[in-house]
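The values are calculated or read from the model by the stated rules, or taken from the named source; none is laboratory data. Not measured: the values here are computed from a predicted model. Here Cβ is always computed from backbone atoms with ideal geometry, including for glycine, and neighbour counts include all displayed protein chains. Please note that ligands, DNA and RNA were not included when accessible areas were found on the heavy atoms of the full protein model with its side chains. Shrake-Rupley method; radii C 1.70, N 1.55, O 1.52, S 1.80 Å.
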Amino acid sequence: MLKKSSLVLWGAALFIAWNGLLLLFLWSRPPSPAASGAGDRLTAEVIRLAQDAETELERQKDLLRQIRRYSGLWGRRRGLRGTPNPPPPPPPPPPRPTDPAGAVLPVLVMACDRSTVRRCLDKLLRYRPSAQRFPVIVSQDCGHAETARVIASYGDAVAHIRQPDLSDIPVPAEHRKFQGYYKIARHYRWALGQVFRTFRYRAAIVVEDDLEVAPDFFEYFQAAFPLLLADRSLWCVSAWNDNGKEQMVDVGQAELLYRTDFFPGLGWLLLAELWDELEPKWPRAFWDDWMRQPEQRRDRSCVRPEVSRTMTFGRKGVSHGQFFDQYLKFIKLNDRFVPFTQLDLSYLKKEEYERSFLPKVYAAPEVRVEELQGNRRRELGAVRLQYSGRDAFKAFAKALGLMDDLKSGVPRAGYRGIVSFVYRGRRVYLAPPADWRGYDPSWS
């Protein structure tokens, strides 16, 4: 494109020079008396034509400059329109992993039939520090017209792609009521395929259309991305704390981050390499619980915050509000900016984290649940509540207001079976014995 534009511009310059020489020749030529009137008219006509040609060439040169300036942008926009024919051209290759500071991290917003997606998009665009570093791609399933109009109202600020297959999915008779979960899994597979296969991004942040983000949402993921590249014992970075209710977190330590063996979702960063691994075996339904199975997790962890960087406002959905009224609507959304990119996050690498976190947990004095509930032994500071089996864990979690469900034996927000939270203003570690042998999938 650049070479062709240069040739056209050179041709335009030569054409203008030739017309100049022609005019000079005509002006300097002495007219004969008989042809004086006709010659004057001819000269005037040539001058007018040359001036018109010069004006048109200037207009064409300006148009070429604009085409060169915007050709890259137009190519990306065509690629994100979701038109099946012709196939969209991929954007330029993302920065190499050796330069994580300059990497492009697109935000993939999974949408369906919630016109309240506006609340999600408004906050993303409000807090986004750079449109180039953090392009927003909204992938819409369901074909809901009102939601499509809301997304379209953002113009070029977001890219709108549409899931082409809106058909019902054949499911077992006993799963008829779970049709929505099958469609969600199909949509995730298609949308992640677009991000990593068609647009060829190095990584992506995935959010749903019912999530609101914190002021430092982008700062958090930008800082954690190099950590995800460097530590192969990590497979995601999540903005979510499953036990992040306001009374159960230390809002004064909003910069505090943890490792967790539980896949949190709800605003999470993954690498293209992980999609290479997961795509061939992607499930037909219940994709998030599938991610929590040992076969997928493979002893890897995610990073999660003390105070959540997302909150959900979507009570209505395929889960019919499961957990929303009891837990989700009470999650504390961080409201102050933490400059994560200026902090040293190396303490989250596996070896260093276990050298510091595990001794801190098991050095904490052990207490009984009744002492916690009675707010006794306050002088101890951080304390540990020990459980030895599934029933004990569930009883303690329920008594203290934690989410008590387990997935493949892993507690929500847990790391090596340890769940860190705040109860009545002090740090508590709900932990297995120090000689913990690993997760028991039968605890699910």
Practice problem: Multiply the residue gap between Asp299 and Gln179 by 0.36 nm, knock off their C-alpha separation, and tell me the result in nm, one decimal place. | Solution: 40.1 nm
Self-check item: Cα centre as origin, Lys/Arg/Asp/Glu Cβ charges: the range 324-368 dipole, Debye
Solution: 100
Exercise. Can you work out the accessible area per residue across the range 240-390, with the rest of the protein chains kept in place, probe 1.4 Å, in square angstrom?
Key: 47
Quiz item: Cα convex hull of the range 223-279: mean projected area in nm², to one decimal?
Solution: 4.6
Practice problem: Note down, for the range 289-444, the three equivalent ellipsoid semi-axes (square root of 5 times each alpha carbon gyration tensor eigenvalue), biggest first, whole angstrom. | Solution: 23, 21, 20
Quiz item: Once the dipole of the range 197-271 is set up with Lys and Arg at +1 and Asp and Glu at -1 on Cβ about the Cα centre, which of Gln247, Leu257, Leu270 lies farthest towards its positive end?
Solution: Leu270
Quiz item: Which semi-axis lengths, in whole Å and largest first, follow from the square roots of five times the eigenvalues of the Cα gyration tensor of the range 158-237?
Solution: 30, 15, 15
Quiz item: In the range 318-444, what is the count of Lys pairs whose alpha carbons are under 30 Å apart, counting only pairs at least 8 residues apart or on separate chains?
Solution: 21
Quiz item: When only Cα pairs under 8 Å and 6 or more residues apart are kept, what is the percent relative contact order across the range 184-273?
Solution: 45
Practice problem: Could you grab the relative contact order for the range 367-444? Cα pairs under 8 Å, six or more apart, rounded to a whole percent. | Solution: 33
Practice problem: Grab the beta carbon distance between Ala395 and Phe313, set R0 = 45 Å, and tell me the FRET efficiency rounded to 0.05. | Solution: 0.90
Quiz item: When the dipole is taken about the Cα centre of the range 295-399, and only Lys, Arg (+1) and Asp, Glu (-1) are charged at their Cβ, what size is it in debye, to the nearest 20?
Solution: 320
Exercise. Could you look at the range 197-325 and say what percent of its accessible area is carbon and sulfur, using a 1.4 Å probe and all protein chains?
Key: 48
Quiz item: When the dipole is taken about the Cα centre of the range 234-327, and only Lys, Arg (+1) and Asp, Glu (-1) are charged at their Cβ, what size is it in debye, to the nearest 20?
Solution: 240
Self-check item: Charge dipole of the range 275-417 about the Cα centre (unit charges at C-beta), most positive-ward option of Ser356, Trp290, Leu372
Solution: Leu372
Exercise. Which order do the peptides 329-337, 180-188 take when ranked by the mean count of other beta-carbon atoms within 10 Å per residue, highest first?
Key: 180-188, 329-337
Quiz item: Hey, if we sort Arg390, Arg133 by accessible area with the 1.4 Å probe, largest down, what's the order?
Solution: Arg390, Arg133
Self-check item: Paramagnetic reach from Arg284 (point 7 Å along Cα→Cβ, amide N under 19 Å) across the range 156-188
Solution: 165-188
Self-check item: More than 17 angstrom apart: percent of Cα pairs within the range 110-175
Solution: 46
Quiz item: How high is the relative contact order of the range 310-444, in percent, with contacts defined as C-alpha pairs under 8 Å that are six or more residues apart?
Solution: 19
